[in-house]
1. Calculate the dipole size of the chain relative to its Cα centre from +1 charges on Lys and Arg beta carbons and -1 charges on Asp and Glu beta carbons; express the result in debye to the nearest 20.
2. Rounded to whole Å, give me the distance from the Cα center of the stretch 1-54 to that of the stretch 57-86.
3. With angles folded into 0 to 90 degrees, how steeply does helix 36-57 sit against the dominant principal axis of the chain? Use alpha carbons for both and round to 10.
4. By how many nm would the segment from V88 to I65 grow when fully extended, if each residue of separation counts as 0.36 nm and the alpha-carbon distance is taken off?
5. For the chain, with the dipole built from +1 on Lys and Arg beta-carbon atoms and -1 on Asp and Glu ones, taken about the Cα centre, which of S30, L51, Y6 lies farthest toward the positive end?
6. Can you list residues whose amide H is under 5 Å from A18's amide H, if they're 5+ apart or on another chain and H is modeled 1.01 Å from N?
7. Just to confirm the filter: which chymotrypsin sites (Phe, Trp or Tyr not before Pro) across the stretch 28-88 are DSSP coil and have at most 11 other Cβ within 10 angstrom of their Cβ?
8. Expressed in nm², what is the orientationally averaged projection area of the convex hull enclosing the Cα positions of the chain?
Amino acid sequence: MTTDAYSFRIAWSAEDEAYVATCPEFEGVSGLGKSAEDALREARTALGLALETYASEGWVVPAPIASQEHSGQFRLRVPRSLHARLVV
């Protein structure tokens, strides 16, 4: 599997004074850079190394978020009083 299948989040970190790119499917995989593009490039490299490690160790590789199916529903419990107001 290539790193292209996975998603990344990029944000500015004032603490690091750099952009940080993270991969939500792999906790701890990240990259830093002076630009968002640099951070993404570093994160893709780190993810490639993580994928190699997972393969060599025989670990289960997380599925990319984009390939996961979702029902579009979620259930939320609320107090009866709020439910009554929402129904009206």
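1. So the dipole magnitude of the chain works out to roughly 840 debye.
2. After rounding, the separation between the Cα centres reads 25 Å.
3. Taking Cα atoms only, the helix is inclined about 90 degrees.
4. Between V88 and I65, full extension yields an extra 4.6 nm.
5. Y6
6. S13
7. Values: sites: Y54, W59, F74; in loops: W59, F74.
Here the sparse-neighbourhood loop sites are W59, F74.
8. On the way: hull surface 37.8 nm².
Mean orientational projected area (the chain, Cα hull): 9.4 nm².
The values are calculated or read from the model by the stated rules, or taken from the named source; none is laboratory data. All of these numbers come straight from a predicted model, not from anything done at the bench. Glycine gets a Cβ as well: all are built from the backbone with ideal geometry, and neighbour counts include every protein chain shown. Side chains are part of the model used for accessible areas, which takes the heavy atoms of the whole protein and leaves out ligands, DNA and RNA. Shrake-Rupley method; radii C 1.70, N 1.55, O 1.52, S 1.80 Å.
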